[in-house]
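> Before we start, here is the structure in question, set down as C-alpha cells.
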Amino acid sequence: MPLFERAADWPRRPAALPAVPPPRGALLGDPAEFRIEAARNPHMIRAGGGLKEVDADRARKQWEALRSALAALGLETPVLDPVPGLVDLCFPANPSLVLRRPGAGASVWLGRMAFPCREGEVALHRSFFEARGFRPRELPAEIRPFEGAGDGVQHPGRFLLHAGVGGRSTRSAWEALAREEPGLDILLYRLQDPRFYHLDTALSPLTEETALFVPSAFDAEGRGLLQAAFPRLLEVEEAEALAFAANAWCPDGRRVLIEESCHDTRRRLEREGFEAVPLPTSEYRKSGGSVFCLKQALP
Ligand code: ARG
C-alpha cells in the first residue's frame, strides 16, 4: 500500500513521481451565512472564553478581495451559493478532495465532516462537481471523519499527497484512499497540536521543492517526511503560525497568497524569490481558517 509514515520507508522522491498540471481554478463559497455559532476548533473561542464574533461586512469585503486576487492570477473562481444554516460553506477546502491526476483531469472524493452541522456542504460539492462532468466518489460508509483538502494537501506538480491524521481525518480514511488510488504516494502526518487541527494550518507547499511549515505541529517522523519531500523547508514561527501563515496558497509556483499580518513570513518569502500577495482574512481566522481553506483548487 503506497502509504508512508517514515522517510526511511519511502523509497521515492517527488521528482520521480508522475507530473500533474497546476490548478486552473479555485472554487469559493459565498460567505452570506458565515458566522460562529459553536466552537469547532480553538481559534473560534475568545481569550476570556465565549465565542468570537464575525463582522459580516468586513468578512464580505475580505472574501471579495480574495476572489479578485485569485482572478488576477488568471484562475477561474466559481462560487457555491449560500444556503441558510451552512455557516462554514465559505471553507470549500473541507467537504471534498480534488486530486489532480497525471496528464490532466482529477478525481473528486467527497468528505465526511467531523461535525454534523457541516454535512450539508458535501451535497453542494457533489452537485457542483457532477455539473462539471466529474463523478465524485465516496470512501466506505463506516469511515469518518475525512475533511478533504483540509487534511489532504497535494504536492505541487506531482501525483503525491500529504495527509494529516487528527481530529478531522482518520488514518482509516487515508488507508481507504490508498486502496482506491494505487498509483498515488500518500505521506501520513500525525497532527500534534489542537491549534493546528487540519494539515493545511501547518503545511503550505509552495513549489516542488519548497514549503512553509509549523515545526511544533508535527512529530519527529512527520518532520522527517517533510524533509524528504521538500529540500527547502521554511519554518514559520508560532505567532505567525497562529495567524495562519502556513495556510497560504501558491497556485503558480511564484505568487503566494497569504494573510497580510504575517510580516516576517512575507519578508522571508520575498527573500526566497516569491512574490507575497497579502490579503486580509481576520474574520475567517476567527473561525479557524485563512486563504488555503477558503477555496478548493480545481483542475
Ligand atoms: N470553522 C471551520 C471548522 O472548524 C473552519 C474550517 C477551516 N478549514 C481548514 N481547512 N482549515 O470546520
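FYI, it's all coordinate maths here, none of it is from the lab. Please read all numbers here as calculations on a predicted model, not as lab measurements. Quick reminder, even Gly has a Cβ in these numbers, built from the backbone with ideal geometry, and neighbours come from all protein chains shown.
> Do you know the relative contact order of the chain, to the nearest whole percent, from alpha carbon pairs under 8 angstrom that are 6+ apart?
24
> Find, among the trypsin sites (Lys or Arg not before Pro) in the range 265-299, those assigned to loop by DSSP (not H, G, I, E, B) with at most 13 other beta-carbon atoms within 10 angstrom.
Those that pass, being in a loop and sparsely packed, number zero.
> May I pose another question? Cα atoms only: what Rg and Dmax, in Å, come out for the range 41-161?
16.1, 51
> Skipping prolines and chain starts, which residues have an amide H placed within reach, meaning under 5 Å, of the one on Val256, given they are 5 or more residues away or on another chain?
Under 5 Å from the amide H of Val256 lie the amide H atoms of Glu275, Ala276, Val277, each far enough along the sequence or on another chain.
> Next up: Quote the FRET efficiency, to the nearest 0.05, computed for Arg232 versus Glu64 with a Förster distance R0 of 30 Å and r equal to the Cβ-Cβ distance.
That pair, Arg232 with Glu64, gives E of 0.35.
> In addition: Cα centroid distance between the range 1-52 and the range 144-190, in Å?
The distance from the Cα centre of the range 1-52 to that of the range 144-190 comes to 10 Å.
> Among the aspartates and glutamates, which fall within straight-line cross-link reach of Lys52, defined as a Cα-Cα distance under 12 Å, with same-chain neighbours fewer than 8 residues apart omitted?
Glu37, Glu283
> Here's another thing I want to ask about it. How far is it, in nm, from the label point at Arg171 to the one at Ala56 when both lie 7 Å from their Cα along the line to the Cβ?
It is 4.4 nm.
> In addition: Taking every pair of Cα atoms in the chain, average 1/r, invert it to obtain the Kirkwood radius, and report Rg/Rh to two decimals.
Ratio of gyration radius to Kirkwood radius for the chain: 0.93.
> If R₀ is 30 angstrom, what is the calculated FRET efficiency for the pair Phe115 and Ala220, using the beta carbon separation as r and rounding to 0.05?
Calculated transfer efficiency: 0.45.
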